[in-house]
Amino acid sequence: MALIAIGGSVGAGLFIGSGSVIRMAGPAAVVSYVLAGALVFLTLRALGEMVVAVPAGGSFSDYARLAFGPWAGFTIGWVYWWMYAVLVAAESVAGAAILGRWAPGVPGWALALLVLLSMTVANLVSVRFFAETESFFSLVKVATIVAFLLVGGLWALGLWSGSDGEGVSNLWEHGGFAPQGWVAVLAATVVVLFAFGGVEIITVAAGESAEPERGVASAVTNVLWRIGLFYVASIVVVVMVLPWNTVDPELSPFVAVMERVGVPGAALIMEVVVFVAVLSVLNAAMYTSSRMLFTLTRQGDAPRVLRGVNRRGVPVRAILLGTVVGYAAAVADYLWPGRVFPFLVASIGAILLILFLTICASQLVLGARVRRREPERLSLRMWAFPYLTWVVLAGLVTIFVAMVVIPDQRQALWASVGSVAVALVAYAFRRRWGSRPSDRVLELPDRPGAEGLRRDPAAP
């Protein structure tokens, strides 16, 4: 599950999207990654407490359902599915952009369709094939990032052949550490959230693992050093090797660093790894969107026809539905080339912000309930509860407000808020004409049921 978490979060957001973050914030992009990383890590810790205390295959849609009622589970479940449907589209477009540099005569929309179709086939094979493919992709990314940090770090410090040792000065030259101002650093944090999206996949994968409690607890505990190594340290190396104002937001700064260092073939190898990373996240996104739909059908919040699986246990219809936005993005890339990926990235960041707010709010309610009724369940605890959870909520709200006041982020924010509004309207129709909404949570046979943790009968 640790490898699945890496696979879901180390992709185009880091390898390609980091270029936009550096151009927005300058060398202070490091601060954007530290801030977003801290918020994500603490949010994941809060989610981990709920997963271990009340294992549920539906991830935080089940916890929102337990905390606030069926409407919350329905809404956040569909918003979460929508986020991963958009992520499938974003990674397809990003993969097409990389392939386009290798096959310049082929249209981008055709390459996006090729990437999307190939990974759809991979997901339709079997769950085991997904896990093995994702493990391989993740190992490739881990090894490459470690090599990148070693080579780039030595070059920046003047310990690599051909380096003048002036890389460190790039942190404050060319306009200072935060040349665009600290508001830009806060705005860049929203884009960084897109890069961190995916670490919560471990809670979805827990529903299909042999030992969900131990696996989730281990992955949650170890995610801090991964954030520090894969994100913060990588960005430190990039802004030391490259002057921030020379970074092209449409190209991978990781490839540019290897070109600057001058290792023969390193730039091409890095470009191949970036493509592998895109495929990895696309693979994980398809898996997660299909499992979220499967959970929604279990609760009666999605058509039962989507619940069907083939003889290998693969939810084929749910996977195919999750690719619809990807095909629409390919058409949009044909109509508006070069404009689709930035909008999708900003939209995913905004949706993640809403989802993280929901996770923290649910943990405040369920954390208090578990501590009051069944404290023995808390083998993994959120630190300094409830105060630290409130601090995280405040940080997330601050970023939300920043998106409202920053023109470049506003459109994506309102589009994401609109998706929440559509889900709420859909729930109103579902409540009026569908079957009675359920607040049942998947119960594991070797654990006490969730009966004692349901909402208070008097709660609205």
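The values are calculated or read from the model by the stated rules, or taken from the named source; none is laboratory data. These figures come from a predicted structure and were not determined experimentally. All Cβ positions, even for glycine, are placed from backbone atoms using ideal geometry, and neighbour counts span all protein chains on display. SASA here: full protein model, heavy atoms, side chains in, ligands and nucleic acids out. Shrake-Rupley method; radii C 1.70, N 1.55, O 1.52, S 1.80 Å.
Quick notes on this one:
- Residue count for segment 284-309, restricted to those that are assigned to a helix (DSSP H, G or I) and modelled with pLDDT of 80 or more: 10
- The lone exception for residue 254 - which of (1) at positive phi; (2) at pLDDT 85 or above; (3) of a type outside the set (Lys, Arg) it fails: (1)
- Residue under evaluation residue 399, criteria (1) modelled with pLDDT under 90; (2) of a type outside the set (Lys, Arg); (3) open to solvent by 40 Å² or more (accessible area, probe 1.4 Å), criterion not met: (3)
- Residue list for segment 290-299, restricted to those being within 10 Å of residue 315 (Cβ to Cβ) and either touching an Asp or Glu at 6+ places or on another chain (Cβ under 6 Å) or crowded, with 24+ Cβ neighbours inside 10 Å (or both): 290, 291, 293
- Selection within segment 330-368 - closer than 15 Å to residue 411 by Cβ and without any contact (Cβ under 8 Å) to a residue 40 or more places away in the chain: 332, 336, 339
- Checking each residue of segment 346-364 against the condition of being aromatic (Phe, Trp, Tyr) and either open to solvent by less than 30 Å² (accessible area, probe 1.4 Å) or closer than 27 Å to residue 278 by Cβ (or both) gives at least one match.
- Scan segment 133-170 for residues that are in a loop (DSSP other than H, G, I, E, B) and of a type outside the set (S, T, N, Q) and the total you get is 8.
- Count of segment 368-385 residues, restricted to those that are more than 11 Å from residue 49 (Cβ to Cβ) and either surrounded by fewer than 17 Cβ atoms within 10 Å (Cβ to Cβ) or of a type in the set (A, V, I, L, M, F, W, C) (or both), is 7.
- Test: residue 378 is closer than 22 Å to residue 77 by Cα and modelled with pLDDT of 80 or more: no
- Just one of the listed residues (398, 389) is in contact with a Cys (Cβ under 8 Å, 6 or more places away or on another chain) and not aliphatic (A, V, I, L, M), namely 389.
- Per-region count, segment 171-183, residues part of a loop (DSSP other than H, G, I, E, B), open to solvent by 70 Å² or more (accessible area, probe 1.4 Å) and not polar (S, T, N, Q): 4
- Listing of helices (runs of 4 or more DSSP H) fully contained in segment 1-90 that carry 3 or more residues being in contact with a helix residue (DSSP H, G or I) (Cβ under 8 Å, 6 or more places away or on another chain) and modelled with pLDDT of 80 or more: 17-25, 29-53, 60-68
- Tallying residues that are of a type in the set (Ser, Thr, Tyr) and under 27 Å from the mean Cα position of the chain (by Cα) within segment 142-180 yields 1.
- Tally, over segment 392-432, of residues that are within 22 Å of residue 47 (Cβ to Cβ) and free of Cβ contacts under 8 Å to residues at least 24 places away in the same chain: 1
- Residue check for residue 380: in contact with a Phe, Trp or Tyr (Cβ under 8 Å, 6 or more places away or on another chain) and among the aliphatic types (A, V, I, L, M): no
- Evaluation of residue 246 against (1) in contact (Cβ under 8 Å) with a residue 40 or more places away in the chain; (2) hydroxyl-bearing (Ser, Thr, Tyr); (3) open to solvent by 30 Å² or more (accessible area, probe 1.4 Å) (one fails), failing number: (1)
- Some residue of segment 273-289 being out of contact with any helix residue (DSSP H, G or I) (no Cβ under 6 Å at 6 or more places or on another chain) and open to solvent by 30 Å² or more (accessible area, probe 1.4 Å): no
- Helices (runs of 4 or more DSSP H) fully within segment 310-408 that include at least 3 residues being over 30 Å from residue 124 (Cβ atoms) and charged (D, E, K, R): 340-373.
- Scanning segment 95-127 for residues that are under 16 Å from residue 290 (Cβ atoms) and either surrounded by 15 or more Cβ atoms within 10 Å (Cβ to Cβ) or touching a residue at least 60 places away in the same chain (Cβ under 8 Å) (or both) yields 116, 119, 120, 122, 123, 124, 125, 126, 127.
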